[in-house]
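Taken together, the values in this text are just the output of simple stated rules run on the coordinates, not laboratory data. Not measured: the values here are computed from a predicted model. Every residue, glycine among them, receives a Cβ derived from its backbone with ideal geometry; neighbour counts consider all protein chains shown.
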Ligand code: ADP
């Protein structure tokens, strides 16, 4: 690469690559900044949503407190699930043991069971439910001990039907049901046991009996076993919470359950975890009862919010919020991509333009050198010949004539050269004019072949012309066509190498006339064949073989032939020679 080109490349890189790199770096920084800002903005949104969530929770709890004020004093209300047992059971009337003492004495003395049965039966008809309950319980017990199972079950069923009375410390229905289950278990009646066990279980779960913890515990395990369903953990946890009678507001684990309570003026409201979760705002946020915030979560401590819980809040759908940022980022990305692409495209085009310009400059320099060289040869011979003549060094008339001839040839060559250059200039500027007229192509070819043949003959070349004797009419500029032919012939001689023969041939094929000029010279490599008609193009062989030329000859031929609505083509084989053919339309 020449120093000027190198310099140009450096300048070019400086004005394109440096700003492009800078723009890229800026874009990258901007995107990074944007990402940080997006994260910050997302955090801000989450914090706001967290505050809103806390507010809505506070409102929900305030509404609950209001509801609690409507409860009777000292009441405990559990939301969403009954208490498994009451922290303060409602007492049920139970007949004192003294009422049954006569029967019991008989019951436990051998041989007097029948008396006891009769005694209890009498009491079982009492108008007082408490007495009836006590009597049925004892009657059933005695019958069971006597092995009178069916009767015993009947008695327990009677006991089970008594409302508002206790027997053996428990509400009569529960005591009856429990005993019936016990009897089915004893006798291994699985189907009945399951059915009755489920009833017992349903009664316990319903919370309709105000049981103390001890009674509940006495039945809970059996009910779970018989019904085949686990104990109700939530109800039991709520009952435990109620039994501990917390004050104020708070949340704690009871039997593995997270229970929230509100204590309002001696009334207590208990919330199951499900119910508490239902108070939370849903949709926009995700709330957890937790004491430590995870990634993308905001923490709200109980101490700060006045809520009974410490919460962590996350956006339910952070993707939706992030989408807006992503779209903006994408837009920015594409914008930068576009700018960069345009920049690179522009730079590439610029570079190509500069390169072409440089090539042109180079070419022009080559042309000047080539043209000067072309001029030098005839000028040198003119100088020598004219000097010899003017100094009177040539005395012999015959030699004198030869010198004049040489002078004429050199002048003619110079003339041709100047004409060619002028023509080329005209072609380039679009000012070339052709004087079209009807003419005989055979005559034109004949004339050029003759004139060229004489000149080439002096250099030892034989020009074989094959021209039909009848006219070949075409419309054209005889002088321009002659120059084109001359150019082809001149090339044929120039690139003949060791061969000393060229051929010119005119033929007609219907409406087309063909003039071909062939040689057996150097030939043209196939990759150059397409190029030879380009202006300034010079083949590798001509450049390396130092064959003088300007590279405009064939370009001119092409231009002239086109102007005549014809075309010129080449067939060639390196080492075997070339054949250029001009095709022109015949015009009768
Ligand atoms: P130049 O002044 O170089 O002869 P031309 O335009 O006449 O310019 O020809 C262009 C190139 O085509 C030549 O440099 C040469 O490489 C090739 N060329 C033209 N005619 C012939 C030929 N008859 N045989 C071999 N090569 C040729």
(message) If neighbour count is taken as other Cβ atoms inside 10 Å, put 339, 515, 285 in order from fewest to most.
(response) 339, 285, 515
(request) Would you mind ranking 217, 357 by Cβ crowding within 10 Å, fewest neighbours first? (result) 357, 217
(request) Starting from the Cα-Cα distance between residue 31 and residue 252, subtract it from 0.36 nm times their residue separation and give me the gain in nm to one decimal. (result) 74.9 nm
(request) Assuming 1.306 mPa s and 10 °C, estimate D for the chain with Stokes-Einstein, Rh taken as the Kirkwood radius over Cα pairs, in µm²/s. (result) 43
(message) At a 10 Å Cβ-Cβ cut-off, how would you order 219, 120, 434, 275, fewest neighbours first?
(response) 434, 275, 219, 120
(request) Sum -39500 (n - 2.57) across every DSSP H segment of at least 4 residues in the chain, then divide by the residue count to get the 222 nm mean residue ellipticity, nearest 500. (result) -20000 deg cm²/dmol
(message) To test your reading of the geometry: what angle, between 0 and 90 degrees and rounded to tens, separates the Cα axis of helix 129-145 from the longest principal axis of the chain?
(response) 90
(request) Assign one of three labels to the range 97-228, namely rounded, prolate or oblate, based on the Cα gyration tensor with a ≥ b ≥ c the square roots of its eigenvalues; rounded applies when a/c is under 1.5, prolate when it is not and a/b is larger than b/c, and oblate otherwise. (result) oblate
(request) Mind pulling the angle between the C-alpha long axis of helix 318-390 and the longest principal axis of the chain? Nearest 10 degrees, somewhere in 0 to 90. (result) 10
(request) Could you please state, rounded to a whole Å, how far the C-alpha centre of the range 185-202 is from the C-alpha centre of the range 13-33? (result) 83
(message) What do you get for the angle between helix 3-69 and the principal long axis of the chain? Use alpha-carbon atoms, 0 to 90 degrees, nearest ten.
(response) 20
(message) Quick check: the distance between the Cα centres of the range 512-588 and the range 238-274, to the nearest angstrom?
(response) 107
(request) Output the peptides 344-353, 148-157 sorted from most to least packed, where packing is the average of other Cβ atoms within 10 Å over each peptide's residues. (result) 148-157, 344-353
(request) Report P(r) for the range 363-421: all Cα-Cα distances, bin width 10 Å, range 0 to the bin holding the largest distance, values in whole percent. (result) 22, 42, 23, 10, 2
